[in-house]
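Novice: Just dropping this structure here.
The values are calculated or read from the model by the stated rules, or taken from the named source; none is laboratory data. All values reported here derive from a predicted model rather than from experimental measurement. All Cβ positions, glycine included, derive from the backbone under ideal geometry; neighbour counts span all protein chains shown. Note: accessible area is taken over every heavy atom of the protein model, side chains too, but ligands, DNA and RNA are not part of it. Shrake-Rupley method; radii C 1.70, N 1.55, O 1.52, S 1.80 Å.
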Amino acid sequence: MSDIAARAGMSTGHILYHFGKKDRLLLEVLAWSEADLGVRFQQAADEAASPAEKLALFVRFYLPRHQGDERYALWTQVLAQRHDDAGRHLLTALSDAWEERLEVILREGQALGQFADVDPPEFVIRAVAMLNGLSGDVMFGRSRWQHASAHSFALSALERELRPPGRA
């Protein structure tokens with residue numbers, strides 16, 4: 001909080017007055033970070049040539065880039081705290097936004113015959129659960145991801161599930 005106050009040219013007391021408490025400040029920073037990331041993802045997805053490319057972008061934007069990824073560290077800090085109804089609502093909205101992005105990609109790929117006919121809500125739950133688990137591994141610094149790519153692993157698993165029958 002002191003770093004934020006110093007950058008803003010304000011006292012810590014002013015920061016606390018505006019946000020009420022540190023927990024709310026972290027939620028607001030997370031919301032800002034996710035909005036920025038969502039815009040950057042959408043710009044990249046709009047330039048992608050196929051649903052498969054959009055899926056690869058989704059995985060790249062969703063997973064932490066490395067063990068010290070600041071964006072994902074922020075998620076970890078926020079999720080470790082108790083939240084009131086407003087905080088839970090905000091976290092749910094942020095998570096739902098990623099799930100909706102993935103479902104749009106899935107439905108586009110299915111409409112074009114490029115993805116298998118899987119149940120979208122069930123696929124999204126499985127995919128996000130896997131990505132969240134991999135994210136935790138990356139942030140924890142599991143040694144298996146020091147010499148292998150969690151991104152490649154995740155994308156390969158999703159592509160296998162989405163491969164239409166009869167395609168190798």
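Novice: Residue by residue through the range 108-117, what is 3J(HN,Hα) from phi via Karplus (6.51 cos²θ - 1.76 cosθ + 1.60, θ = phi - 60°)? Round to whole Hz and write x for glycine and proline.
Specialist: After applying 6.51 cos²θ - 1.76 cosθ + 1.60, I find 5, x, 5, 4, 8, x, 8, 10, 5, 7 Hz.
Novice: With a point put 7 Å past each Cα toward its Cβ, work out how far Arg88 is from Leu25 in nm, to one decimal.
Specialist: Placing both labels 7 Å beyond Cα along the Cβ direction yields 2.6 nm.
Novice: Counting only Cα atoms, I'd like the Rg/Rh figure for the range 92-154, Kirkwood definition for Rh.
Specialist: Looking at the range 92-154, the ratio lands at 1.05.
Novice: Can you give the angle from 0 to 90° between the axis of helix 150-162 and the longest principal axis of the chain, with both taken from C-alpha atoms, to the nearest 10?
Specialist: Here the helix axis deviates by roughly 40 degrees.
Novice: May I ask you to give the solvent-accessible area per residue for the chain, in square angstrom, as obtained with a 1.4 angstrom probe?
Specialist: Here the per-residue accessible area is 60 Å².
Novice: For Cα pairs less than 8 Å apart in space and 6+ apart in sequence, what is the mean separation divided by the residue count of the chain, i.e. the relative contact order in percent?
Specialist: Over the chain, the number comes to 26 percent.
Novice: Per the 1.4 Å probe, what fraction of the accessible area of the chain, in percent, lies on carbon and sulfur atoms?
Specialist: Values: 5410 of 10000 Å².
Reported share for carbon and sulfur atoms: 54 percent.
Novice: Please give the calculated 222 nm ellipticity per residue for the chain, where each DSSP H segment of at least 4 residues contributes -39500 (n - 2.57) and the sum is spread over every residue; nearest 500 deg cm²/dmol? Please list the in-between numbers first.
Specialist: Working: 8 runs with 124 residues, N = 168.
Taken over the chain, the calculation gives -24500 deg cm²/dmol.
Novice: Name the longest site-free stretch of the chain, where the excluded sites are trypsin sites (Lys or Arg not before Pro) in a DSSP loop with no more than 16 other beta-carbon atoms within 10 Å.
Specialist: 83-141
Novice: Right, something else. Determine by what factor the alpha-carbon radius of gyration of the range 23-97 differs from 2.2 N^0.38 Å, reporting the quotient.
Specialist: Working: Rg = 13.7 Å, N = 75, 2.2 N^0.38 = 11.3 Å.
Relative to the rule-of-thumb radius for its length, the range 23-97 sits at 1.20.
Novice: When you count, for each residue, the other Cβ atoms within 10 Å and take the mean per peptide, how do 133-140, 89-96 rank with the highest first?
Specialist: Ranked by mean Cβ neighbours within 10 Å, highest first: 133-140, 89-96.
Novice: Please work out whether the range 43-168 counts as rounded, prolate or oblate from its C-alpha gyration tensor, where a ≥ b ≥ c are the square roots of the eigenvalues and a/c under 1.5 means rounded, while otherwise a/b larger than b/c means prolate and anything else oblate? List each step's numbers first, then the result.
Specialist: Numbers: a/c = 2.06, a/b = 1.39, b/c = 1.49.
Oblate, because a/c is 1.5 or more while a/b does not exceed b/c.
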